[in-house]
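Trainee: Have a look at this one before I ask anything.
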Amino acid sequence: MMQKLAELTKLDGLSGNEQDVRKYIIQNLADKSLEHYTDNIGNLIVKGKTDGSSNLKVMVAAHMDEVGLMVNYITDDGKLKFSTVGGIDSRILIGQHVRVGKDKIPGVIGYKSIHLQDKNERESVVKLKSLYIDIAAKDRENAEELVKTGDYVAFDSEPVFFGENKIKAKALDDRAGCAVIMELLNEVWPFELYACFTVQEEIGLRGALVAANRVKPDVGIVLEGTTCADVPKVKEHEVSTVMGKGPSISFADRASIADRELLMHFFKTAEKEGIPYQWKTTTTGGNDAGKIQTSGAGVKTLVVSVPCRYIHSPVSVLDLNDLKNMLNLVSKALHTLPEALGR
Amino acid sequence: MNTETLVKQLCDINAPVGNENLAAEKIKSFFGPLCDKAYIDRFFNVIGYKKGTSSDPRKIIITAHYDQIGMIVSGYEKGGFLRISNLGGVDTKALLASEVIVHGREEVYGVIGAKPPHLLKESEITKNVKIDELFIDTGFPDDVLKQKVSIGDPVSIFSPVISMKNGCVAGKSLDNRAGVAALVLILKELQNVKHPHDIYVVATVQEETDLLGALTSSYALEPDLAVVIDVCHGDMPEADRAQCFPLNKGIPVAIGPAFHSEYTNALFEVAKKERIATQRCIEPGNPGTEAWAIQVSRLGVPTVEASIPLRYMHTAAELVSLQDIENAAVLVARYVSGDIFKTTEETD
Amino acid sequence: MITLLRELTGAYGPSSREEEIRNTIERKISPNVDDIYTDALGNLIAVKKGSGNGKRIMLAAHMDEIGLVASYIDEKGFIRISNIGGINPYVAVGQRVQFHNGITGCVCYEENITDFKDLKLDRMYIDIGTQRREITLDCIMPGDIAVFCGEAIEQNGKFISKALDDRIGCAILIELIETLKDCPNEVVFVFTVQEEVGLRGAGPAAFSIKPDLAVAVDVTGTGDTPECKPLALQLGKGPAVMIKDNRTISHPMVKNALIECARKNNIPYQLEVMSVGGNDAGTIHTAAGGIPAGAVSIPCRYLHRPCEMVDKNDALNAVKLLNAFVMSPMA
């Protein structure tokens, strides 16, 4: 699973441009006999194996898209102006290496050297509209030979296994969720399992709504990467999740409040099976569960996440044990779900 | 070895300011095969000496600093984090979401993250973060980390130089391994050229803090002429035009009180003769380079300076043109192998 | 050490007016050194010759302290002030200060300051209790410097006093002079002047002495008080070997030798990494074409206040550390 995770993060798949990730998942499913379908917005839906013992319909979702940038203007001297795709803290952009467009032209996001900044500039944060990508083009004409406005720009960040059981990579949110679901598809389930690899979550939970409309599930379990702010000088109550303490269960976020039955079942499963878990202690953020829950006639949803430090940056970090425990918890909880729900 | 490979190998070396002892031997290995004697002095300057053919040779030094800006471990924070202070002028704006290597008992990879935006206070959204607010995430438990890393261990940015379009490269430490690459190329040029005067190429230390290498090496060598090779600001859209130099449009040569006017004119003459384009780099006072220390060493040393334009100085995304590095090397090589002393003294 | 410290901190000596403290130190160390003299700037230089073919080691501690200089005396006899060295106006307010001749005054501020953001030295003054300019001028003239009051005491294993920066460094060197015997290296003890206004005395002293290496002995900050900036140094965990401060990156040979000495002799020590501040090593290491230099720093709380605090054992261990260091054969 770790190898697949690393390979998934290497792929570039910004919101609206997820095809490379989709192709990889299809080609790397361990079980090639599984039925899969790509809908017209780009969601990949894979039907899991079932022994038919329950009539429950369960949707397990993770989004394929990542945050990044998009070229919106080429200047006279060949520099690229851009806007963000999804939520990016613009403070982290200076000094980053990126790749532009399908030819992956190497670029850097530079800014006036510190020596040329006056005191005011040194002490302030640079606004997004002052930044640009430099692809070492000679001028606008040369730049237009290499890239176009509308080109997607991904961070050039290689996965690195480091420390004790850690991985740094871009897009852990939510290739981590995708990697876990790929493993779940190896098992035989008591119910109809629909694995939904959704698109465009980062720009407004777009793919999930469409997928839920097609699948019409009873239950929706969303696997995400979530904020982990257990870093120096953050107050304990603002940390959200702690690295190494296991997958987190959300009781509420801005987009949905967890279904109580599902929440209690997963919580009890973790306790009974001795799987490390934690509560997500903040209620910020939103994810696909928000749109799945209110689709059709309503769906019972729950969000289980793996803590990711520096989420939405090219250097996001997660603990491999947290990921393993997430797979373990979700697998065990799903197998006993029909019994818990009386279905 | 072509220029691009040379530059990439030099930039891979880590020598954060004040910790050049970690890298001196590696730098020396580039000079060794190309000079009569290569050695390291007690401040870790790396010197390559090439004897001149004259019976009464003068001494010329060509300097380029090999220290790079970096950070230093100043403390531990629970959870496998390290606090840092700066070595040289790092721009904290460019450190958020970056990768580093901590040179402890072993090399430890780490990440400098950033507080999630929704937890930022009002002031943090508009004010730049300070270095003592940053921390390195190493992914190790505290007790394991303490075995690997001590307070005072130096830290380098991790951003290997990559190839860009139009013969450019980008990555960390091009300030000033681009200059050191020029020194190596100069030594290569001089293999096949007779030069009257004794030439010392010096890869110097601690330029980024207080020009210590320039001060100590010029004091020890007592040169008759000094040529400094450093990077200068490349063209960047929102920066003051007067202080920036476009890539591939000529080698900036420094003009100003810190630079000897006659020897500088001679450098322009050589460039014209060799058909190497130059730009005029105006420095009304302290140029912020080694020339400032060398010019007033002992009884004074005539100093000139040739630069390599570099964009985004002191970030992980420094960017230069390989052609500029090669042109700077050829220009200086031709300059120092000529009869410079005779021609400039004649004009007295 | 408290008796020595009381005498040292009690001696008057703001930057540029170090006569009294210099005389105090000279009296104490003359019997135990081979050579002693004062240079053009007022640095006190004392040499203990080596017994073998060793190196010349320079140890420096500064004699000067911060102060308030009388800049203007007004009609009513109040004394307007400026700073000598780093003075924080919030710390100076309300303090008792004393001039070279014993005249004592209170530091106050203009009553119409409503917002303390406006508190600056040029809105403050010293009151010595006269009513007219002429009476003040009888005892104080512009250019005279007042220093904080605050007699040294020992309590709970700590020393509390004004001017521990850097009279504690001077005390350490004085103790070392007394105990050092049969040293293979020549040790030149320099009690420097004007460190607080720009490390001015140390450079010229190093230039004339031209040592093979140098160690400055000064105080440094700690990170062990409420809501302080994060710093790894603490009182009582041993003297600190300086890795770098804002003016100097210690030469690896000196730094490593100090750490080695501490380890070999089981002396507790800490490592100092500071992004602000400097000490005499700052001007020593660039003198005479460069001198390998480092520092041993004594962790100190409340720097540049009338009640600075250091740990007694940190100071005593610094003496041990420097003793071991100068006694070791230098490569």
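Trainee: Could you work out the local net charge near A:Val21, counting Lys and Arg as +1, Asp and Glu as -1, over the other residues with Cβ closer than 11 Å to its Cβ?
Mentor: So the surrounding residues net to -3.
Trainee: If we count every other residue with Cβ under 12 angstrom of B:Asn166's Cβ, Lys/Arg +1 and Asp/Glu -1, where does the sum land?
Mentor: Neighbourhood net charge equals -2.
Trainee: Sticking with this one: Would you list, by chain and number, the lysines whose Cα falls below 16 Å from the Cα of B:Lys194, excluding same-chain residues fewer than 8 positions away?
Mentor: Within the straight-line cut-off, B:Lys194 pairs with B:Lys50, B:Lys51, B:Lys59.
Trainee: If you don't mind, another one. Calculate for chain B the 222 nm mean residue ellipticity that helices alone would give, adding -39,500 (n - 2.57) per DSSP H run of length 4 or more and normalising by residue count, nearest 500 deg cm²/dmol.
Mentor: My calculation for chain B gives -8000 deg cm²/dmol from helical runs alone.
Trainee: For every helix of n ≥ 4 consecutive DSSP H residues, a contribution of -39,500 (n - 2.57) applies; sum these over chain A, divide by its total residues, and give [θ] at 222 nm rounded to the nearest 500 deg cm²/dmol.
Mentor: That calculation yields -8000 deg cm²/dmol at 222 nm.
Trainee: Just the projected area, averaged over all directions, of the convex hull on the alpha carbon atoms of segment B:152-231: how many nm²?
Mentor: Computing the convex hull of the Cα atoms and averaging its projections yields 7.8 nm².
Trainee: When a footprinting reagent is the concern and you count Cβ atoms within 10 Å, what order do B:Asp12, B:Asp230, A:Asp151 take, fewest first?
Mentor: B:Asp12, A:Asp151, B:Asp230
Trainee: Kirkwood Rh and Cα-based Rg: tell me the resulting Rg over Rh for segment B:8-73, rounded to two decimals.
Mentor: Rg/Rh: 1.05.
Trainee: A follow-up question, please. Rg(Cα) of segment A:197-254 divided by 2.2 N^0.38 Å?
Mentor: For segment A:197-254, the normalised Cα radius of gyration is 1.45.
Trainee: Between the alpha-carbon centers of segment A:267-343 and segment C:285-308, tell me the distance in whole angstrom.
Mentor: That distance is 54 Å.
Trainee: Determine, for C:His62, A:His115, the number of other Cβ atoms within 10 Å of each Cβ, and report the residues in order from fewest to most.
Mentor: A:His115, C:His62
Trainee: Something else now. If you wrap a convex hull around the Cα atoms of the protein assembly as shown, how much volume per residue is inside, in Å³?
Mentor: Each residue corresponds to 201 Å³ of Cα convex hull volume.
Trainee: Wrap a convex hull around the Cα atoms of chain A, take a quarter of its surface area, and give that in square nanometres.
Mentor: Taking a quarter of the hull surface, the average projection is 18.4 nm².
Trainee: What is chain B's relative contact order, in percent, from Cα pairs under 8 angstrom and six or more apart in sequence?
Mentor: Value for chain B: 23 percent.
Trainee: So, one more: Report Rg (one decimal) and Dmax (nearest whole number) for segment A:68-155, counting Cα atoms only, units Å.
Mentor: 13.0, 40
Trainee: Rg/Rh for chain B: what does it come to with C-alpha atoms and Rh from Kirkwood?
Mentor: 1.00
Trainee: Okay, moving on. Could you tally the net charge around A:Ala208, taking each other residue with its Cβ under 12 Å from the Cβ of A:Ala208, Lys/Arg +1 and Asp/Glu -1?
Mentor: Charge balance near A:Ala208 sits at -4.
Trainee: What is the distance, in nm, between label points placed 7 Å from the Cα along the Cα-to-Cβ direction at C:Asn32 and at C:Lys117?
Mentor: So the label points at C:Asn32 and C:Lys117 sit 5.3 nm apart.
Trainee: Let me know the Kirkwood hydrodynamic radius for chain C, please, with Cα pairs as the basis and the value in Å to one decimal.
Mentor: 20.3 Å is the Kirkwood radius here.
Trainee: Among C:Pro184, C:Gln270, C:Ala61, pick out the residue whose Cα is farthest towards the positive end of the charge dipole of chain C, where Lys and Arg carry +1 and Asp and Glu carry -1 on C-beta, about the Cα centre.
Mentor: The Cα lying farthest towards the positive end belongs to C:Pro184.
Trainee: When only DSSP loop residues count, what GluC sites (Glu not before Pro) in segment C:85-147 have their Cβ near at most 12 other Cβ atoms within 10 Å?
Mentor: C:Glu110, C:Glu111
Trainee: Let me ask something additional. Compactness ratio of segment B:71-157: Cα Rg over 2.2 N^0.38 Å, N = residue count?
Mentor: 1.07
Trainee: Helix-only mean residue ellipticity at 222 nm, chain C, DSSP H runs n ≥ 4 weighted -39,500 (n - 2.57), per residue, nearest 500. What is it?
Mentor: Value at 222 nm, helices only, nearest 500: -7500 deg cm²/dmol.
Trainee: Could you please rank B:Cys168, A:Cys196, placing first whichever residue has the fewest other Cβ atoms within 10 Å of its Cβ?
Mentor: In increasing order of surrounding Cβ atoms, one gets B:Cys168, A:Cys196.
Trainee: Number of Lys pairs in segment A:68-155 with C-alpha atoms less than 17 angstrom apart, excluding same-chain neighbours closer than eight positions?
Mentor: Pairs that pass both the separation and distance tests number 18.
Trainee: Given q = 0.19, 0.23 Å⁻¹, what are the Debye log10 I(q)/I(0) values for segment A:1-48, with equal point scatterers placed on the Cα positions and solvent ignored?
Mentor: Normalising to I(0) and taking log10 leaves -0.66, -0.92.
Trainee: Only loop residues by DSSP count here, and only those with at most 16 other Cβ atoms within 10 Å; note down the trypsin sites (Lys or Arg not before Pro) in segment A:43-150 that meet that.
Mentor: Here the sparse-neighbourhood loop sites are A:Lys102, A:Lys104, A:Lys127, A:Lys138, A:Lys148.
Trainee: For segment C:67-219, with equal point scatterers placed on the C-alpha atoms only and solvent neglected, what are the log10 I(q)/I(0) values from the Debye formula at q = 0.20 1/Å, to two decimals?
Mentor: -1.23
Trainee: Additional query: Work out the length of the dipole vector of segment C:71-206 about its Cα centre, built from +1 on the beta-carbon of each Lys and Arg and -1 on the beta-carbon of each Asp and Glu, and round it to the nearest 20 debye.
Mentor: Charge dipole of segment C:71-206: 200 debye, to the nearest 20.
Trainee: How large is the charge dipole for segment A:68-155, taken about the Cα centre, if only the Cβ atoms of Lys, Arg (+1) and Asp, Glu (-1) carry charge, to the nearest 20 debye?
Mentor: Taking the Cα centre of segment A:68-155 as origin, the dipole is about 260 debye.
Read-outs throughout are calculated quantities, based only on the coordinates presented, and are distinct from any laboratory measurement. Being a predicted model, the structure only gives us computed values, none of them experimental. Please note: Cβ atoms are built from the backbone with ideal geometry, for glycine as well, and neighbour counts cover all protein chains shown.
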